[in-house]
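Worksheet: the structure to be examined is printed underneath.
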Amino acid sequence: MFLRRLTRWQAEQQREVMANLYMECHGLDGPGGGAARKAFLERFERHVQEPDFDMVTANSGAVLAGCLYGFRAERGGTLADALRNILPAEAAAHAGAGRLFVITELMVVPEYRRLGVATRLRDLLLSRHTTDVIVAATPPGAAHEVLRAWSYAKLGELTSPPREAWLGPGPG
């Protein structure tokens, strides 16, 4: 398994590939998947522009096996404000100081799940971020199994788009 960090520019260039991965990971390849793909691409385009956007991919040979990305949530930003209302007081204080990193997408294709791919992606992604609070705000679904395994605690639900918020155990 080869892990690779992508620059913002590389991520933007790979947007269609990421949309394909999203569709495969969420089982949305059938009829009616066009709206989900479009919504993902719109979110992805916004996320790539966020401060400290960071993305890592996992490849097995020519197969894109997974991807994990996130960014530092800006004080006063929509996501930071939504999370502030559900974070514990100490975490909210750190978040208010701009020390909040949000994992916004975790995707591993089904045949590579339970092989440690997501954990390796997380370790590489977070290796260069010095934030005090790590939150995963991911679509409801398979990701919460791995978040539990990482000792993340579910905080609650976010809307528009629907997301589950999970508080990570913190750095190191």
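The values are calculated or read from the model by the stated rules, or taken from the named source; none is laboratory data. None of these values were measured; they are calculated from a predicted model. So basically every Cβ, Gly included, is an ideal-geometry build from the backbone, and we count neighbours across all protein chains shown.
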The range 112-137 - residue that is of a type in the set (D, E, K, R) and touching a residue at least 12 places away in the same chain (Cβ under 8 Å) and, of those, surrounded by the most Cβ atoms within 10 Å (Cβ to Cβ): R122
Hits in the range 115-172 (condition: of a type in the set (S, T, Y) and at pLDDT 85 or above): T119, S127, S151, Y152
Pick from the range 94-111, criterion of a type in the set (G, A, S) and surrounded by fewer than 20 Cβ atoms within 10 Å (Cβ to Cβ), ranking: nearest to R46 (Cα to Cα): G98
Residues located in the range 30-60, provided they are aromatic (F, W, Y) and closer than 21 Å to P162 by Cβ: F40, F44
Residue that is surrounded by the most Cβ atoms within 10 Å (Cβ to Cβ) [pool: residues in the range 84-93 that are farther than 19 Å from P162 by Cβ and touching a residue at least 40 places away in the same chain (Cβ under 8 Å)]: A91
Single unsatisfied condition, A36 versus (1) in a helix (DSSP H, G or I); (2) loosely packed, with under 15 Cβ neighbours inside 10 Å; (3) more than 14 Å from the chain's Cα centre (by Cα): (2)
Selected residue (only one of G76, G70 is of a type in the set (G, A, S), within 22 Å of A165 (Cα to Cα) and touching a strand residue (DSSP E or B) at 6+ places or on another chain (Cβ under 6 Å)): G70
Residues being farther than 13 Å from I134 by Cβ and surrounded by 15 or more Cβ atoms within 10 Å (Cβ to Cβ) - total across the range 53-71: 11
Where a residue in the range 1-24 is within 17 Å of P110 (Cβ to Cβ) and its partner, wherever it lies, is small (G, A, S), with Cβ under 6 Å and at least six apart: M1/A58; M1/S60; M23/G33
Complete set of residues in the range 72-83 that are buried (at least 24 other Cβ atoms within 10 Å of the Cβ) and part of a strand (DSSP E or B): none
